[in-house]
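To start, the structure under review is shown below, and the notes come after it.
The values are calculated or read from the model by the stated rules, or taken from the named source; none is laboratory data. The shown structure was predicted, so the numbers you read here are calculated from the model rather than taken from an experiment. Neighbour counts run over all protein chains shown; Cβ positions are idealised from the backbone, glycine included. Heads up: the accessible areas ignore ligands, DNA and RNA and are worked out on the full protein's heavy atoms, side chains in. Shrake-Rupley method; radii C 1.70, N 1.55, O 1.52, S 1.80 Å.
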Amino acid sequence: MTLSLGWLSALVAGFFSAHVVQKLCFPYFWRDLLFLLKVIRYGVKLELFKLTSSVCTVLERFIQQAQRIPNKPFVIHDGSIHTYRDIEQRSNRLANVFLESVNLRKGDCVALLMNNEPDFLCVWFGLAKVGCSVAFLNTNIKSKSLLHCFNCCGAKTVIVGSDLVECLDGILTSLLEDDIQVWAMKSQSEHTQVNTLLDKIDAASEQPVPAVLRATTSLKSPTLYIFTSGTTGLPKAAVITHLQSLKAAAGFWAFGATEDDVVYIPLPLYHSAASLIGIGGTIELGASCVLKKKFSASQFWIDCTKHDVTIFQYIGELCRYLCNQPKTEVDKGHKVWMGVGNGLRQDVWREFQSRFGNIKMCEVYGSTEGNLCFMNHIGKIGTVGRSNFFYRLLFKYDLVKYDMEKDEPVKDQYGFCQRVERGETGLLLSKGDAYFNTGDLMAEDQEGFICFRDRMGDTFRWKGENVATTEVTETLGLVDFIQEVNVYGVEVPGHEGRAGMAAMIVRPGLTFNGKKLFEHVTRDLPAYAHPLFIRLQEIMEMTSTFKQQKFQLVQSGFNPSTISDPLYVLDYQQKKYIPLTDSIYQSILAGERKL
């Protein structure tokens, strides 16, 4: 008996010691393990699709949910509730119109230019039901860039929202000359060559089109084209396969969401976050979502309270706007328990949770065109993801040393990149049979948490959008008084991302014209890509590899008291670029001047 008690005591002591060691040395072990098991479980499901050559796509999952929970609200928009059955039936009507009136066929690519509204989903699903791939067009881009997007994805048909038809004014003739047919979500059109859809939807059948049209046997078949900032010029169409769509749709589920959750989507559907993670995730769960046409900081918590929102999607800038709003009684009178997004600064993160409650903020790192994803399932402040031994086995990536001044990875004597030590900042490379340069500087700490440090190369983020410096450079280069221009992003205290700035050389014999530059910029570039600051230079510095030197320009910022070159700032009220004075500079730092 004494021996048995001794063994039992030793066993208990052993378990207790192991528990203490685990808590001290591996505090996230069980949470990591459970999350990884969910990821593996979903991965096995996708592998079975490959083996059986029978893919249950996001669309297929939506049709299943429409049969399972037809009367459940799927989309709540502008005070109206649209059930799963409502969206299913309207998308069926559109699918029949696309076959009979638009004469679309399986394999065609169709461009979609619409704001956030239920018909965006109906058109998207209707096109998918007839076997078409869909190219989501950014509603901010203009003229040359918009025309380029059609050529880029090979679309011969464009469907336009009723409130965006005027966006095509400058390129409509070019589209028609290229035999691209234009269909508007209107009952009648002022332009004889712009076709109408609403009048045809009412007369169309609600019967499903043949399932064989939407069927696919390969996870790698393209289903969407989502445009990213072109680091070497105009926007590029990232090919989204069924595999990528399904992975994104599992995001909410992986973070612990259920069908009882209500998701708030204030981000634009033309981006992968809202469409693939937001809508796809809602469908995967069989949940409901509140779709906003445009984010409103003053309306945000009112909406969340009114619709019993439990999860919201964000970008860092969105959370900062919410923190800047006057305090109200609804700040903590809501049911929101989780936010999913990216780009949240540590200071804003802390302030957000302090003011609005202990909401679990799940940062997701990834890019539309990339092949790697980090997910901060722990919710640790300031980190974008979590890694460990097992994660590294499944997802190949490395952080390598990067020379900021030369704007290139550091190589050893044999020409190979060099890994950084734990805690050091390095360039993130994700690897398969070849490496993908993400252009992002990251750091991984001793506990395996991954932090985003900075964006390198020829893009930067502003107002939640990626700005391609080369596209802005090409646009500015068309201004007659500009000889050479170098575009980059500078940090502005209190703002997420970087504000656009352009260093330029004025042509000999000509002078800088702030009014002409303003007119050119606002006409040909989306608002988030407008250079807010201009720096006039005599010479343009180059790197050793004959690339324009950006590092020193970025470091020096836009302070008129430390920069001897003439500086200008964009002024929307005066509709021109005006001299950047010390008083204006101070008002920007104080947050008194809106950027």
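Let me know the shape class of region 291-341, please: from the alpha-carbon gyration tensor, a ≥ b ≥ c as square roots of the eigenvalues, rounded when a/c is under 1.5, otherwise prolate if a/b is greater than b/c, or oblate.
Rounded shape, in that the Cα axes give a/c under 1.5.
Can you give me the orientation-averaged projected area of the convex hull built on the Cα atoms of region 407-493, in nm²?
Answer in nm², one decimal: 9.2.
In whole Hz, what ³J(HN,Hα) sequence does region 170-177 give by Karplus (6.51, -1.76, 1.60; θ = phi - 60°), x for Gly and Pro?
So the J values, rounded to whole Hz, are x, 10, 4, 4, 5, 4, 5, 5.
Enumerate the amide H contacts of Cys289 below 5 Å, restricted to partners 5 or more residues apart or on another chain; note that Pro and chain-start residues carry no placed amide H.
Val75, Ile76, Val263
Antiparallel DSSP bridges in the chain: what percent, to the nearest 5?
Of those bridges, close to 60 percent are antiparallel.
If you average the C-alpha positions of region 174-237 and of region 440-501 separately, how far apart do those two centres end up, in angstrom?
Taking the Cα centre of region 440-501 as reference, the centre of region 174-237 is 32 Å away.
For each pair in Lys247/Lys463; Lys129/Lys247; Lys294/Lys594; Lys292/Lys515, compute the distance between the two Cα atoms and list the pairs where it is over 29 Å.
With Cα atoms farther than 29 Å apart: Lys292/Lys515.
Loop only by DSSP, 16 or fewer other Cβ within 10 Å of the Cβ. Give me the GluC sites (Glu not before Pro) in region 328-363 that pass, ordered by residue number.
Taking region 328-363 and a limit of 16 other Cβ atoms within 10 Å, the loop GluC sites (Glu not before Pro) found are Glu329.
Which whole-Hz couplings ³J(HN,Hα) result when phi for each residue of region 567-578 is put into the Karplus expression 6.51 cos²θ - 1.76 cosθ + 1.60, θ = phi - 60°, listed in order with x for Gly and Pro?
With the stated coefficients, region 567-578 comes to 10, 10, 10, 6, 10, 6, 6, 7, 6, 6, 8, 10 Hz.
Between region 105-127 and region 238-303, how far is it from one alpha carbon centroid to the other, in angstrom?
Here the two parts' Cα centres lie 17 Å apart.
Quick one: which residues, 5+ away or cross-chain, put their amide H under 5 Å from the amide H of Val55? H built at 1.01 Å from N.
Thr216
In percent, what relative contact order does region 198-286 have, based on Cα pairs under 8 Å that are 6 or more apart in sequence?
24
Give the cross-link partners of Lys406 among the aspartates and glutamates, using a straight C-alpha distance below 19 Å as the criterion and excluding same-chain residues fewer than 8 apart.
Glu424, Asp440, Asp454, Asp458, Glu541
Quick one: which residues, 5 or more positions from Val467 or on another chain, have an amide H under 5 Å from its amide H? H modelled 1.01 Å from N in the peptide plane, none for Pro or chain starts.
Here Phe460, Arg461, Trp462 satisfy the definition.
Counting pairs of alpha carbon atoms under 8 Å apart in space and at least six apart in sequence, what relative contact order in percent does the chain give?
Relative contact order for the chain comes out at 9 percent.
Tell me, what HN-Hα J-couplings in whole Hz come from the Karplus equation 6.51 cos²θ - 1.76 cosθ + 1.60 at θ = phi - 60° for each residue of region 265-282, using x for Gly and Pro?
Each residue of region 265-282 in turn: 10, x, 8, x, 5, 6, 9, 5, 4, 6, 6, 7, 7, x, 5, x, x, 4 Hz.
Kirkwood Rh over Cα pairs of region 68-146 into Stokes-Einstein at 37 °C, 0.692 mPa s: D in µm²/s?
Stokes-Einstein gives a translational diffusion coefficient of 241 µm²/s.
Can you give me the convex hull volume of the Cα atoms of region 79-121, divided per residue and expressed in Å³?
Considering the Cα atoms of region 79-121, their hull volume per residue is 87 Å³.
Give the calculated FRET efficiency between Leu176 and Glu100 to the nearest 0.05, with a Förster radius of 25 Å applied to their Cβ-Cβ distance.
So, using R0 = 25 Å, E works out to roughly 0.65.
Translational diffusion coefficient of region 453-503 at 4 °C, 1.567 mPa s, Stokes-Einstein with Kirkwood Rh over Cα pairs, in µm²/s as a whole number.
This corresponds to a translational diffusion coefficient of 112 µm²/s.
At 1.4 Å probe radius, can you tell me the per residue accessible area of the chain in Å²?
Ligands and nucleic acids excluded, the result is 47 Å² per residue.
Would you work out if region 462-595 is rounded, prolate or oblate? Take a ≥ b ≥ c from the square roots of the eigenvalues of the alpha-carbon gyration tensor; rounded if a/c is under 1.5, else prolate when a/b is larger than b/c, oblate otherwise.
Rounded is the answer for region 462-595, as its axis ratio a/c remains below 1.5.
Would you mind calculating the gained length between Lys411 and Lys294 on full extension (0.36 nm times residue separation, minus the Cα-Cα distance), in nm to one decimal?
Computed gain between Lys411 and Lys294 is 37.5 nm.
Could you work out the relative contact order of region 466-524? I mean the mean sequence separation of Cα pairs under 8 Å and 6+ apart, divided by the number of residues, in percent.
That works out to 32 percent.
Placing unit charges on C-beta atoms (Lys and Arg positive, Asp and Glu negative, everything else neutral), compute the dipole magnitude of region 148-223 about its Cα centre in debye, rounded to 20.
With only Lys, Arg, Asp and Glu charged at Cβ, the dipole is about 500 debye.
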